[in-house]
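Contents: one structure, followed by commentary.
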Amino acid sequence: MSWPAFSKIHPFAPPDQWLGYKQIITELEEWLCKITGFTATSLQPNSGAQGEYAGLLTIRAYHAGRNEDHRNIMLIPISAHGTNPASAVMAGMKVIVVKSDDDGYIDVTDLKAKAEQYKIL
């Protein structure tokens, strides 16, 4: 969606000049729904950090809709990008830091231990 052919259309262009865009976007959203099983999708926001935050809000809303507000733990490796824990906290989640090895890879033993410790039965 960031491709200039899509992103540079004038915001006040008359509808007859963006019907093709609308068809492509609508079809893509429909295909994504079929693939994921979601009832709706969005191609916004384009930013990775904003998308991450939007995704976490969706996860929280899903749990809230199932009366599972207690499912608010996010396991994040210490080597993760700074937006990861920030987005999780902004979305109302509690961040639990997972250790990484000297090369920045997730410490699988620590991940398994924390997954077991914080799992919801």
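The values are calculated or read from the model by the stated rules, or taken from the named source; none is laboratory data. Here the structure is a predicted model, which means the values were calculated and not measured. Methodologically, a virtual Cβ is constructed for each residue, glycine included, from the backbone with ideal geometry; neighbour enumeration extends over all protein chains shown. Heavy atoms of the whole protein, side chains included, go into the accessibility calculation; ligands, DNA and RNA do not. Shrake-Rupley method; radii C 1.70, N 1.55, O 1.52, S 1.80 Å.
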Let me confirm something: among V89, V98, which residue is at pLDDT 95 or above, open to solvent by 70 Å² or more (accessible area, probe 1.4 Å) and within 20 Å of A115 (Cα to Cα)? V89
How many residues does region 54-87 hold that are assigned to a helix (DSSP H, G or I), aliphatic (A, V, I, L, M) and over 15 Å from the mean Cα position of the chain (by Cα)? 1
Scan region 9-18 residue by residue and report those that are surrounded by 10 or more Cβ atoms within 10 Å (Cβ to Cβ) and in a helix (DSSP H, G or I). Q17
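Is it fair to say I24 is over 19 Å from A91 (Cβ atoms) and modelled with pLDDT of 85 or more?
So I24 passes the test.
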Residues of region 25-54 that turn out to be touching a residue at least 12 places away in the same chain (Cβ under 8 Å) and either of a type in the set (A, V, I, L, M, F, W, C) or touching a Phe, Trp or Tyr at 6+ places or on another chain (Cβ under 6 Å) (or both), as a count: 5
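Might you check whether a residue that is of a type in the set (V, I, T), over 30 Å from S100 (Cα atoms) and modelled with pLDDT under 95 occurs anywhere in region 50-73?
Scanning region 50-73 turns up no residue that is of a type in the set (V, I, T), over 30 Å from S100 (Cα atoms) and modelled with pLDDT under 95.
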State whether the residues of region 61-77 include one that is β-branched (V, I, T) and open to solvent by 80 Å² or more (accessible area, probe 1.4 Å). no
Of the residues that sit in region 36-53 and are among the small types (G, A, S) and part of a helix (DSSP H, G or I), which one is nearest to S2 (Cα to Cα)? G48
Just checking, does region 114-121 include any residue being aromatic (F, W, Y) and touching a strand residue (DSSP E or B) at 6+ places or on another chain (Cβ under 8 Å)? yes
Here's a check for you: in region 102-121, which residue that is open to solvent by less than 70 Å² (accessible area, probe 1.4 Å) and outside any helix (DSSP H, G or I) is farthest from A86 (Cα to Cα)? D107
